[in-house]
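The block underneath contains the structure these notes are about, expressed in structure tokens.
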Amino acid sequence: MASKITFFLNGKRTVLRNPSVNMSLADYLRTDEVRLMGTKHGDQDGYTGADNVVVAHYDSYQERTIYRTVSAVLTPLVAVDQRSVITVEGLGTIEKLHAIQERMYNCSATQCGFCSGGFVMSMYSLLRNNEHPKVADIEEALDGNVCRCTGYRPIAAAIAAYAEDVPADYFEKMNVPVLDSERFDAAHEPALPRELDGKALRELDVVYEEEDAELNVVGTATWVRPATLKHLLKLHDGKSLIVGGCTRVKPTFRHLGRYIETNNVPELNVLGVKGDELVIGAATTVQRLADELTQLSEDDTQPVWGALSTHLRRTLNQALRNMATIGGELCAADRDDAIIAPLIALGAQVTLTAAAGERVVPLEDFIRGVDTTQCRKLEVVRHVAIPLPRPGTALFVHVGSRRKTSSVPFFVSALALTAADAVVSAASYIVSGCPEVLYTRVQAVEKALVGATLNDTTAARVLEAGYMQEQWGKASIVPDVIPARARLGGVAAYMGVHQCAALLGMGNGLTDLDEVCLSIADRREHKLPLTIRKSPAATMKHVGRPIRSKNDKAKWTGTCTFPSDHTAERTLHGAFVYSPVPHGILNSIDTSACATVTGFHSAVTAADIPGMNQHSGIMTDTKVFVPVGQEVTCTMQRVAMCLAETPAAAYRAAELVQLDITPLPALLSIKEAMEANSYHNLCGVDERVIKLGDVERGFAEADHVVWGEFTMAGQDHFYMETHTCQVVPIQDNQFRVQSSTQNPSKVQFDIATALNIPNSDVHVEVDQIGGGFGGKQDRPCILATAAAVASKHCGRPVRMQLRRTEDMAMSGGRHPFHTEFKVGLTREGKFTAITMLSTCDGGNVFDVTAPVLDKCTFQAGSTYYIPNMRVEGRAAKTNHVTNTAFRGFGGPQATMIIEAIVDHVARETGIDGFELRDKNILQPGDRMLTGTYISTNYAEGLPRRIWDEIIASSEYKTRRAAVDEFNRQHKFLKRGIAVTPFKNGSLFEDDFMNQASAAVNVYRDGTATVCHSGVEMGQGLHQKLAQVAADALRIDISAVRVIATDTAKCPNTQPTAASSGQDINGPAVKKACEEIAGRLEPLRRDNPDKSFADICNIAYFTRVDMGARAFHILPSIHWQWDFTDAKNHSGYTGYYYDYGACVAEVELNTLTGDHRVVRCDLLEDAGLPMNPIHDFGQIEGGFTQGLGLFLGEYAFLNEGHFVDYDSKHYAVPMLTEVPTELHTTMLDEAPCEGTIHQAKNTAEAPLLLGAAAAIALKNAVAESRKAEGPINMPCPYTPGHVIEALPRPVLLEQ
């Protein structure tokens, strides 16, 4: 059968014959034939927004053209038949940006750029449907777009231009005026192609003969789009897959039989009130239903529809709501569902239809359990019907999650009640979110309500009745979810009584009505983040100026190339085979079943490695593949790699590999490792100890001695571009490598070692990568070396790109820590002594654990004067995936640990936390635990100066009084305010790592290229060094281009990490440029009227060398441990310290544990910043990443496996999580002598600023507690952990 689809792609009519039914739109866009690489693979679930495109078509049911943001990863290619697809490349070009792209560009709203196209497309879709949106509309449109770099401030500044309700002075305060060229005008946008305009979708029957790699069966995959229900039922044979929005048809899932699309079936697309019901066709999307409910709520005084609409808009995210259908969501019966509970509470019924007839089933009976429904083999869901609410009916829905938007809930409750004269006649209370039972009807709550009057007594009874469901709440293995679910069952019912009473005007008997309703309200008030920036003035032509990166326009137009965009001809794709157990003996690897997978090529194991089976590093205990007969020491450890013609075939083959592993006992926590005395080499008991002063004397002088402990979980990097590499064999046994790495020379060295070839035969090139944050310092070698072994084995290019869940589980993250401490202080609040024992989870291999541990140890005292200290660091060797480098490299843990200690001591002794900090800030002359090369004289006064300046500029004392007044006025909402300082050492402690080279070439037309040892990952390094070059050469910045980092041009590179990028590469670039400028100076002097281009042309003809290579090293820092004497260590622990402080104000809902950051004031010592755009971006982005670390990003392992570790569950901050008001200041008049142009790097230190928000939150928790004393919460302070710190009785007695 001849099959074809017709669609428009960026305005061009496209006809595909015999298209693959199992190809996603994203994969098609990225094929060699299309090459629209602006649509990225951010994940497989549609929760990053990087893959967002706009699909437009005429909707015959709504009788209008609609533009929908959709996830291209989840959209099957065949589903865009008769639609118009618009990608970021279709809007504008580098030469002529679209208005949205220009606005984003002018606001410098990008860093790494991997997410940029998705933001543009989300905004474009919104403005095509609503040219005059409000801030709430914009927040909704972008609720699925993640940016890990910027902190969202410049994005907010850009998108604010399109909101009609932004305050008039917003743009002046943000210093981002709106230009005429940035204004959106729908009249100038291309119309829907005439061929599609006003036409309903046609029937479609696509048959694709394929050997399906995923299912390992040869057969026919068919996509059918019937036009009637009768036709659909005729086609449905019980084996067909009924699809609507395709959110369940993921890249990791393939169906070989028949897909039946429902979007063209009128009976399944009905939506509206019919008789005494609201009828919702099964093919109705969640977004369309939400819009209809909003309209109904505006036309009707009935409060139910508005509540349901509001709830639906907070589920999934915009792209997924545009795709997901009501029928699909109900039939999935997914454990993460947020829609079932309110529909059951409202008495929804499901109509099931088959050729033999129809039947109606209550939704409550239809859902039998997780992944299980009553839908029979030949039935389909026709529609869902909600009875029209009776007069006096209201609905309240509460969602518990770790972030406000685009987050899978761990708890959903829905209370529907009907009352007259404040007496309840009917009530339905449904709770969902439990993986085992999906939903529960809480009859105890219903019984407490029916017949009762809406008053305080009833509310209290409902609260207790809900609390009886604690056993249900414990149905989780994630610790912070256990107390949250248990308590929210009662709390949500209590809140629901108040909210429903308020909606019905029956709240006179509820004393706390206003306070409870205030706690439920959206406290952000839909305000885009306001940021006010201040920085030192520039003194040079280019350095110090806010100049955008040269390739920013390419990022906004989707034409910037990342390592994941490269695919060579004849490429094989690789997929790892991992150990499924945390510890065991690998007895055998059986790959025989892989041969049954069509497209499978071969598998490689340790036996195929011609050289050494190890990765370089401090220790060489990381293997490329675990050999048969040896131990596997963690889950996700690599034992083999399968190679195939497609990624899908490679992954399918990897799933078929049979491993015979004899399990061994495993150490799965820091505590277990400590009890077993299991530590990494030279990281055990009494081995890494630093002493200052006399600790015993210090404790003897103390009036108070306080003991305690503190636990801090890890964090995932969540860089937008997952680990990826491509290895291409070239002539004479050489290899060309593209890798998403911060460490090109390590990739080069490890490949050469594994292949037993010279380093010079491995050529690694890195243009820019989609974020790194330290996670691509050492771990990219795992992919690249394995791929190189495979490429050598097969003689073909090999490409690997990890899926998001795989990347998160395999590559390691920030080190978790457990600290035990003892503190002595005087009654006046001056520290006399501290001892700390901090143990991190180093995982199964060494990686960079010791340096991370060292930095946490070095910075243990932060900017506090503690005259007597003993600090010991240990690294537990567990059977977890090894942890690795992460932005801050132990510094964030050190900061949070000392701040948690100060907080604990303050609450234990009754000394005010602010006063305790203020009295102990370092003063000139105070001794520190360790020092840095240039900090001793230059910077010893900075901690006190910064502290005093942030207190004054933030108006801390005035605001604290306002916070106290707020807390007196509110019962359930509490605020906390805190100020915390930090110090952070920059550059490496080992001298050999502080080296860099640069190669600069000037051409006869006056332009220049710069190649240096650093890697651009969004931090603006290339741009900063272009400015250095322009000033050194005395030419305009437009003439300078920084090219890809290349091991053939700049050998022996060090990792771009430890805030080293500009400090070691900048001087190298400057030296090379100055050498060239010196050669050209005589020509410039002799030809004063000539342009630089003319001078270079003269130089060319007079044979003047216009190329130079330079090398730079730092003075000797080299730290040396003395493992026999804790006071006899030598050297420095960094080149300089960054200093800073933050004042954070946080608001807490003491009923639910939810919290929001109201305002933050950031002050950082950046020396003389090299480029305010990038330095502000680094400060704000790092701070936001710190908010995630301390408040929401929870990395939890169970039996060696990460739990809920994917883009849906892992709560990186979104636009709605950043402070409503942010003041960012770089310290004035603080040049840093000894650095490039007296600047400091701002890459890592800002993350430490987020600790202030954590302490502010603890202050808010304290305001809600009757009992005084320490607040013992494990970090991060998620809503679940906060709930656990709030004693349950406080909810009734306060």
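Can you tell me how many residues within segment 477-492 are of a type in the set (D, E, K, R) and part of a helix (DSSP H, G or I)?
2
If ALA283 meets every condition in (1) assigned to a loop (DSSP other than H, G, I, E, B); (2) at pLDDT below 95 apart from one, which number is that one?
Result: ALA283 fails condition (2) only.
Among the candidates PHE982, PHE988, PHE992, which residue alone is crowded, with 17+ Cβ neighbours inside 10 Å and not in a strand (DSSP E or B)?
PHE988
For segment 135-188, enumerate the residues that are more than 18 Å from GLU102 (Cβ to Cβ) and among the small types (Gly, Ala, Ser).
Scanning segment 135-188 gives ALA136, ALA141, GLY144, GLY151, ALA168.
Looking only at residues that are out of contact with any Ser or Thr (no Cβ under 8 Å at 6 or more places or on another chain) and among the hydroxyl-bearing types (Ser, Thr, Tyr) in segment 78-109, which one is surrounded by the fewest Cβ atoms within 10 Å (Cβ to Cβ)?
Once the filter is applied, the top-ranked residue is TYR105.
Is it the case, given these coordinates, that GLU1074 is in contact (Cβ under 8 Å) with a residue 24 or more places away in the chain, within 25 Å of VAL543 (Cβ to Cβ) and not in a strand (DSSP E or B)?
Yes, satisfied.
Among (1) at pLDDT 95 or above; (2) touching a Ser or Thr at 6+ places or on another chain (Cβ under 8 Å); (3) not aliphatic (A, V, I, L, M), there is one condition SER1060 misses while meeting the rest; what is its number?
(1)
Let's see how each residue does on (1) surrounded by fewer than 20 Cβ atoms within 10 Å (Cβ to Cβ); (2) in a loop (DSSP other than H, G, I, E, B); (3) in contact (Cβ under 8 Å) with a residue 24 or more places away in the chain; (4) at negative phi:
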residue	(1), (2), (3), (4)
GLU267	yes, no, yes, yes
VAL279	yes, no, yes, yes
GLN287	no, no, yes, yes
ASP291	yes, no, no, yes
LEU296	yes, no, no, yes
GLY327	no, no, yes, yes
THR351	yes, no, yes, yes
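From PHE988, PHE972, PHE982, PHE966, which residue is aromatic (Phe, Trp, Tyr) and free of Cβ contacts under 8 Å to residues at least 40 places away in the same chain?
Being aromatic (Phe, Trp, Tyr) and free of Cβ contacts under 8 Å to residues at least 40 places away in the same chain holds for just one of PHE988, PHE972, PHE982, PHE966, which is PHE966.
Among the listed residues MET619, MET612, identify the single one that is farther than 17 Å from GLY843 by Cβ and either hydrophobic (A, V, I, L, M, F, W, C) or open to solvent by 20 Å² or more (accessible area, probe 1.4 Å) (or both). Before the answer, list the steps.
Details: MET619 fails: farther than 17 Å from GLY843 by Cβ.
Unique residue meeting the criteria: MET612.
Give the residue, chosen from THR69, THR75, that is touching a strand residue (DSSP E or B) at 6+ places or on another chain (Cβ under 6 Å) and either open to solvent by less than 10 Å² (accessible area, probe 1.4 Å) or on the phi < 0 side of the Ramachandran plot (or both).
Numbers: THR75 fails: touching a strand residue (DSSP E or B) at 6+ places or on another chain (Cβ under 6 Å).
That would be THR69, the only listed residue that is touching a strand residue (DSSP E or B) at 6+ places or on another chain (Cβ under 6 Å) and either open to solvent by less than 10 Å² (accessible area, probe 1.4 Å) or on the phi < 0 side of the Ramachandran plot (or both).
Quick one: count up the residues across segment 1081-1110 that are in contact (Cβ under 8 Å) with a residue 40 or more places away in the chain and either part of a loop (DSSP other than H, G, I, E, B) or among the hydrophobic types (A, V, I, L, M, F, W, C) (or both).
Final tally of qualifying residues: 9.
Could you grab the pairs with beta carbons closer than 7 Å, sequence gap of 6+ or different chains, first residue in segment 23-35 and over 20 Å from THR69 (Cα atoms), second one open to solvent by 30 Å² or more (accessible area, probe 1.4 Å)?
Note: pairs meeting the criteria are ASP32/THR567.
Out of the residues in segment 818-851 meeting the condition of being within 35 Å of the chain's Cα centre (by Cα) and of a type in the set (Gly, Ala, Ser), tell me which one is farthest from GLY873 (Cα to Cα).
GLY843
Output the number of the condition that PRO1287 fails; it satisfies all remaining conditions of (1) surrounded by fewer than 21 Cβ atoms within 10 Å (Cβ to Cβ); (2) in contact (Cβ under 8 Å) with a residue 40 or more places away in the chain.
(2)
So which of GLU214, GLU209 is surrounded by fewer than 19 Cβ atoms within 10 Å (Cβ to Cβ), on the phi < 0 side of the Ramachandran plot and at pLDDT below 85?
Result of the check over GLU214, GLU209: GLU209.
Considering (1) open to solvent by 10 Å² or more (accessible area, probe 1.4 Å); (2) assigned to a helix (DSSP H, G or I); (3) at pLDDT 95 or above; (4) not aromatic (Phe, Trp, Tyr), say which one VAL747 fails and leave the rest.
VAL747 satisfies all of (1) open to solvent by 10 Å² or more (accessible area, probe 1.4 Å); (2) assigned to a helix (DSSP H, G or I); (3) at pLDDT 95 or above; (4) not aromatic (Phe, Trp, Tyr) except (1).
If you go through segment 672-690, how many residues are open to solvent by 70 Å² or more (accessible area, probe 1.4 Å), over 34 Å from the mean Cα position of the chain (by Cα) and among the charged types (D, E, K, R)?
Residues that pass the stated criteria total 2.
Quick test of your reading of the structure: THR832 fulfils all but one of (1) of a type in the set (S, T, N, Q); (2) surrounded by 24 or more Cβ atoms within 10 Å (Cβ to Cβ); (3) closer than 30 Å to LYS919 by Cα. Name the failing condition by number.
Looking at each condition in turn, THR832 falls short on (2).
Could you list, in sequence order, the residues of segment 750-779 that are among the β-branched types (Val, Ile, Thr) and either modelled with pLDDT under 95 or over 22 Å from HIS1012 (Cα atoms) (or both)?
Within segment 750-779, THR753, ILE757 qualify.
What do you reckon, is HIS1112 more than 30 Å from LYS404 (Cα to Cα), surrounded by fewer than 24 Cβ atoms within 10 Å (Cβ to Cβ) and touching a Pro at 6+ places or on another chain (Cβ under 7 Å)?
Against the criterion (more than 30 Å from LYS404 (Cα to Cα), surrounded by fewer than 24 Cβ atoms within 10 Å (Cβ to Cβ) and touching a Pro at 6+ places or on another chain (Cβ under 7 Å)), HIS1112 qualifies.
Quick check on segment 963-972. Is at least one of its residues at pLDDT below 95, open to solvent by less than 10 Å² (accessible area, probe 1.4 Å) and under 34 Å from the mean Cα position of the chain (by Cα)?
Yes: segment 963-972 contains one or more residues that are at pLDDT below 95, open to solvent by less than 10 Å² (accessible area, probe 1.4 Å) and under 34 Å from the mean Cα position of the chain (by Cα).
Looking at ASN18, ASN22, ASN10, ASN52, which one is surrounded by 23 or more Cβ atoms within 10 Å (Cβ to Cβ), of a type in the set (S, T, N, Q) and more than 22 Å from THR724 (Cβ to Cβ)? Steps first, please.
Numbers: ASN18 fails: surrounded by 23 or more Cβ atoms within 10 Å (Cβ to Cβ); ASN10 fails: surrounded by 23 or more Cβ atoms within 10 Å (Cβ to Cβ); ASN52 fails: more than 22 Å from THR724 (Cβ to Cβ).
After applying the criteria, what remains is ASN22.
Restricting to segment 647-671, count the residues that are part of a loop (DSSP other than H, G, I, E, B) and either open to solvent by 60 Å² or more (accessible area, probe 1.4 Å) or touching a strand residue (DSSP E or B) at 6+ places or on another chain (Cβ under 6 Å) (or both).
3
With the structure loaded, tell me whether ALA1068 is in contact with a Phe, Trp or Tyr (Cβ under 7 Å, 6 or more places away or on another chain) and under 24 Å from ASP1005 (Cα atoms) or whether it fails that test. Walk me through it before giving the result.
Details: in contact with a Phe, Trp or Tyr (Cβ under 7 Å, 6 or more places away or on another chain): yes; under 24 Å from ASP1005 (Cα atoms): yes.
Considered against the rule, which asks whether it is in contact with a Phe, Trp or Tyr (Cβ under 7 Å, 6 or more places away or on another chain) and under 24 Å from ASP1005 (Cα atoms), ALA1068 comes out as yes.
Residue-wise test of (1) among the hydrophobic types (A, V, I, L, M, F, W, C); (2) out of contact with any Lys or Arg (no Cβ under 8 Å at 6 or more places or on another chain).
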{"residue": "GLN1178", "(1), (2)": "no, yes"}
{"residue": "THR1184", "(1), (2)": "no, yes"}
{"residue": "PHE1196", "(1), (2)": "yes, yes"}
{"residue": "HIS1201", "(1), (2)": "no, yes"}
{"residue": "PRO1213", "(1), (2)": "no, no"}
{"residue": "GLU1217", "(1), (2)": "no, no"}
{"residue": "LEU1222", "(1), (2)": "yes, no"}
{"residue": "GLU1229", "(1), (2)": "no, yes"}
{"residue": "GLY1234", "(1), (2)": "no, yes"}
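If you scan segment 865-878, which residues turn out to be within 32 Å of the chain's Cα centre (by Cα) and open to solvent by 10 Å² or more (accessible area, probe 1.4 Å)?
ARG874, LYS877, listed by residue number.
Scan segment 329-348 residue by residue and report those that are without any contact (Cβ under 8 Å) to a residue 40 or more places away in the chain and out of contact with any helix residue (DSSP H, G or I) (no Cβ under 7 Å at 6 or more places or on another chain).
The first filter runs over segment 329-348 and keeps only residues without any contact (Cβ under 8 Å) to a residue 40 or more places away in the chain, leaving 334, 348.
Hit for segment 329-348 is ASP334, nothing else.
The values are calculated or read from the model by the stated rules, or taken from the named source; none is laboratory data. Since the model is a prediction, treat every value here as computed from it, not as a measurement. Every residue, glycine among them, receives a Cβ derived from its backbone with ideal geometry; neighbour counts consider all protein chains shown. Ligands, DNA and RNA are stripped out before the accessible areas are found, and what is left, the full protein with its side chains, is counted by its heavy atoms. Shrake-Rupley method; radii C 1.70, N 1.55, O 1.52, S 1.80 Å.
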